[in-house]
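First the structure, in the form of structure tokens, and then the observations on it.
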Amino acid sequence: MSEIPTKTFFAEGIRFECTDCGNCCTGAPGIVEISEAEVETLAELLNLSVDDCAARYLEPYEDAYRIIEKPNGDCIFFEERCTIYSARPSQCRTYPFWLQNLRSKAAWQAICKECPGIGLGRLYTETEILDGIEQTPQ
């Protein structure tokens, strides 16, 4: 894993607020990891047993699970907006503050073009952003 430089371009923080646009939930296929603890939270939200939740919406991935996708690559839980927003996995909760997006100013500028919530809402401090990177599967 490449390290974030000691002096980051986001030292003054970054404003972000999810606009429910779905750009991060749709399009190109990807992997959304979900831990066993997060599966329990998801199952509770969906009023399912953990086993039923896993059978319907997840597939094994490394040491945990991944959320299955629709044939077009969209997240199975995206229907005009995220239908599991309150129980979304940490990978989703920490977007757009992922290492791949913060490795360089150029990478960040590319994400800014895709995500209309960047620049809106509350100011996330550099420490909060770095903590988000630590919580997100790489």
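The values are calculated or read from the model by the stated rules, or taken from the named source; none is laboratory data. These numbers come from a predicted model, not from an experiment. Counting neighbours? That spans all protein chains shown, and the Cβs are built from the backbone with ideal geometry, glycine included.
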Self-check item: ASP20 being farther than 17 Å from THR136 by Cα, charged (D, E, K, R) and assigned to a loop (DSSP other than H, G, I, E, B)
Solution: yes
Practice problem: Taking ASP52 as the residue in question, decide whether it is surrounded by 11 or more Cβ atoms within 10 Å (Cβ to Cβ), in a loop (DSSP other than H, G, I, E, B) and acidic (Asp, Glu). | Solution: no
Self-check item: Those residues of the range 121-138 which are assigned to a loop (DSSP other than H, G, I, E, B), under 16 Å from the mean Cα position of the chain (by Cα) and surrounded by fewer than 14 Cβ atoms within 10 Å (Cβ to Cβ), in sequence order
Solution: GLN138
Self-check item: Options ILE67, ILE118, ILE111; residue that is among the β-branched types (Val, Ile, Thr), free of Cβ contacts under 8 Å to residues at least 40 places away in the same chain, within 30 Å of GLU12 (Cα to Cα) and crowded, with 18+ Cβ neighbours inside 10 Å
Solution: ILE111
Self-check item: All positions within the range 75-111 that are among the charged types (D, E, K, R) and within 18 Å of THR136 (Cα to Cα)
Solution: ARG88, ARG93, ARG103
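Here is a yes/no grid of residues against (1) of a type in the set (Asp, Glu); (2) under 23 Å from LEU123 (Cα atoms):
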| site | (1), (2) |
| --- | --- |
| THR8 | no, yes |
| THR19 | no, yes |
| GLY27 | no, no |
| LEU48 | no, no |
| ASP51 | yes, no |
| ALA55 | no, no |
Quiz item: What number goes with the only condition from (1) assigned to a loop (DSSP other than H, G, I, E, B); (2) at pLDDT 95 or above; (3) within 19 Å of GLN135 (Cα to Cα) that GLY30 does not pass?
Solution: (2)
